[in-house]
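The values are calculated or read from the model by the stated rules, or taken from the named source; none is laboratory data. Please read all numbers here as calculations on a predicted model, not as lab measurements. In this analysis, Cβ positions are derived from the backbone assuming ideal geometry, glycine residues included, and neighbour counts consider all displayed protein chains.
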Amino acid sequence: MNWPEKVTIKEVGPRDGLQNEKVIIPAQSKIEWIDQLSDTGLSYIEVTSFVHPKWIPQLSDAALVAKGIKRKPGITYAALVPNQRGLESALEANIDDISVFMSSSETHNLKNINKSISDTFPILKDVIRTAANSGKTVRGYVSTVFGCPYEGEVATDQVFRVCDQLFEYGIDEVSLGDTIGVASPRQVALFLEQAVKRYDMSQIALHFHDTRGMALANILESLNYGIDTFDSSLGGLGGCPYAPGASGNVATDDLVHMLHKMGIHTGINPEKLMKAAAMVQSFLEKPLPSHQMAVNNAQ
Ligand code: HMG
Ligand code: MG
């Protein structure tokens, strides 16, 4: 066992979670919820996404939400940005960390952002440069790392090619997405054995969706390779609208529970987290899928 003492959890529920929920939560309720998340001990919250509202109507209130939340010192507030147009809005809302995104598989990239991989690179290059010149940190999401809903397995070299390019453009961290939740601990181990030889593990985060109930097992395996940053979504909200069958991210509450039981610090207060989960559950008017919420709802 070579586990880290502390893990950073990046909460993506207000973005990855809500982008795939049928119910559109009013901006004021999102603001209330994010303010409550800011009080849980989380150090990083992805609050929204500056994409085309036709593509993701659930987040069409991005500017209202980003400007309406109370910014707590010490917390990084992030947002997803696909292009210069999105970046302008994110800068105007004073987002701290800009997240660009693309896929390692051609078909998912096309369905998700309407461009080929090679046409996406110059767009993201400009966004990354402008964001960095504006004093922002930049995160690069790479999707379909462990499998694509349209193309099946994706070659590790292809994933590395996309990551290398984004690092060359100046991203500070890459978040590797198991977009459709197909990874297994063995696949994660085989992938990370290659990745540790190529990258500084402090610049790698993992982003597991829990479609097949494998996310916590995959995180456990990743910890052995020195990964100490994971994305998750409170209550297990979410999915990807351009990846059929993709269900929510690993639940923040389940991840915090596992890590604390293992003696790994997160800085997050579980009671406050459950209060925030209960709040978003009441907005959605349906039970959230996490194990912790199932226990909570039964009490
Ligand atoms: P497009 O239609 O190719 O864009 O969409 P375009 O550049 O041709 O412009 C068309 C129109 O859109 C223009 O308006 C632009 O101004 C406007 P018009 O002149 O026709 O009136 N436009 C915008 N409006 C608002 N905000 C913008 C913006 N950009 C252009 N930012 C685009 C290309 C990328 C915009 C579109 O495909 C899009 O918004 N896609 C977003 C898809 C998305 O959000 N997917 C989910 C997130 S990714 C994910 O979930 C995976 C992740 O979680 C990791 C994992 O799990 O693996 C991150
Ligand atoms: Mg995702």
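So that you can scan it fast, the table gives a plain yes or no per residue for (1) touching a Gly at 6+ places or on another chain (Cβ under 7 Å); (2) over 16 Å from L42 (Cα atoms); (3) within 16 Å of ligand 2 (Cβ to nearest atom):
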position	(1), (2), (3)
Q194	no, yes, no
I227	no, yes, no
S232	no, no, yes
N269	yes, no, no
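Checking I227, I219 one by one, the residue that is out of contact with any Phe, Trp or Tyr (no Cβ under 7 Å at 6 or more places or on another chain) and over 24 Å from I24 (Cα atoms) is I227 and no other. Per this entry, G213 is not counted among residues that are of a type in the set (G, A, S), outside any loop (DSSP other than H, G, I, E, B) and either more than 16 Å from ligand 2 (Cβ to nearest atom) or modelled with pLDDT of 95 or more (or both). Looking across the range 90-107 at every residue that is more than 21 Å from K10 (Cβ to Cβ) and more than 16 Å from ligand 2 (Cβ to nearest atom), the one that is surrounded by the most Cβ atoms within 10 Å (Cβ to Cβ) is identified as E106. For the range 126-141, check the following and say yes or no: at least one residue is within 21 Å of P53 (Cβ to Cβ) and aromatic (F, W, Y). There is at least one residue in the range 126-141 that is within 21 Å of P53 (Cβ to Cβ) and aromatic (F, W, Y). Restricting the range 152-192 to residues that are touching a helix residue (DSSP H, G or I) at 6+ places or on another chain (Cβ under 6 Å) and part of a strand (DSSP E or B), the residue that is farthest from ligand 2 (Cβ to nearest atom) is E173. Selection within the range 164-220: residues that are in contact (Cβ under 8 Å) with a residue 40 or more places away in the chain and over 16 Å from the mean Cα position of the chain (by Cα). The member of this set that is surrounded by the most Cβ atoms within 10 Å (Cβ to Cβ) is V188. State yes or no: is L80 surrounded by fewer than 23 Cβ atoms within 10 Å (Cβ to Cβ) and modelled with pLDDT of 95 or more? Against the criterion (surrounded by fewer than 23 Cβ atoms within 10 Å (Cβ to Cβ) and modelled with pLDDT of 95 or more), L80 does not qualify.
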